[in-house]
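Structure, as structure tokens:
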Amino acid sequence: RNMSSAGPEGRKKMRECDGLIDSLVYYIQGAIADHEPNDKATENCVCILHNLSYQLEIELPESYAQSIYMQRRNISSNDKTPGCFGTRSRKVKEKQQDTPLPEEKSNPRGVESLWHSTLIRIYLSLIAKSTRNYTQEASLGALQNLTAGTGPMPFAVARTVVLKANGLPSIRTMLHVSHPTVKKTAVSLLRNLSRNTSLQSDIAREVLPDLVSILPESVPESDIVCETTASICYTLFNLTQSSSHNARLLLSADGLPKIITISMNDSNMFSKASRAASVLLYSLWSHTDLHSAYKK
């Protein structure tokens, strides 16, 4: 567990170690099957996998990166549009979001397991069943790592979490735990998921009222609450930016007074949360059909 946080070289060596990742996954599967999701060894295994999934897409060996991006490039050339390494226009980005990974292997080995749907389901199972904060945080953190970035892998993992594995109810539960780091990581994961336009209606329906409910009534009192608050605001920004319906949902959940209060604090310590709330307010005002409701 300590070695897995030793930086890019350490992660590379451990990912390449024959049988290591497979053994960690095998152990966790056994612990879940035996109804023992709270033992210390399971926590250690998940924390290692969490660390090994950090910056995974960037650090993947060339052979994996090529196979993941090949299908994307083929689709692009057929449609006569720029590939994923070309123009970053909104249209290309939206097409990229809907591009699935190449078909999953039924028996993944080594580094392939790190983004496989089997392990994604294991993380969601641990989030639902474990009561150890470190295990919950590491499972959420691994999914956060896998959904970071804008390539096809993060978006494919996001679709698996939301649509195939029905992971939102388990993540939503983590928004209401008392442990601040677990809550912060759950919000960060939702922020990543909410960047995927095709999933925004599902996410808003499932968790938008919960996100509003955990916004503080006044200015956050600590760094971690401040960061969590900023993340909530950016998640709500993603969900409401292109959807008047979702903006109305935020309004009906009494989110506006909270967001206004947070946006008005300009002290340096809380500027991150205040800035995020201001960006969200600016975006909400762009829905002109809601102006009269806002004024009320």
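Positive contributions from Lys and Arg (+1) and negative ones from Asp and Glu (-1), summed over other residues with Cβ under 12 Å from the Cβ of residue 193, come out at +2. Working note: Cα atoms of segment 196-295, range along each principal axis, descending, whole Å: 33, 28, 19.
Solvent-accessible surface of segment 196-295, averaged per residue with a 1.4 angstrom probe and all protein chains in place: 46 square angstrom. Extending 7 Å from the Cα toward the beta-carbon at both residue 59 and residue 265 defines two label points whose distance is 3.5 nm. For segment 171-279, the share of accessible area belonging to carbon and sulfur comes to 50 percent (1.4 Å probe, ligands and nucleic acids excluded).
What is the sum of charges, Lys and Arg at +1 and Asp and Glu at -1, for the other residues whose Cβ falls under 15 Å from the Cβ of residue 128? Could you put the intermediate results ahead of the total?
On the way: positive: 121, 129, 132, 172; negative: 36, 137, 206.
Result for the neighbourhood of residue 128: +1.
Using a cut-off of 15 Å between beta-carbons, work out the net charge of the residues near residue 247 (Lys and Arg +1, Asp and Glu -1, residue 247 not included).
+3
With a threshold of 30 Å on the Cα-Cα distance, the over-threshold entries among 183/296; 40/258; 40/183; 129/258 are 183/296; 40/258; 129/258.
The values are calculated or read from the model by the stated rules, or taken from the named source; none is laboratory data. Only a predicted model underlies this, so the values are computations on that prediction, with no experimental measurement involved. Cβ coordinates were reconstructed from backbone atoms using ideal geometry, including for glycine residues, and neighbour counts include every protein chain displayed. Heavy atoms of the whole protein, side chains included, go into the accessibility calculation; ligands, DNA and RNA do not. Shrake-Rupley method; radii C 1.70, N 1.55, O 1.52, S 1.80 Å.
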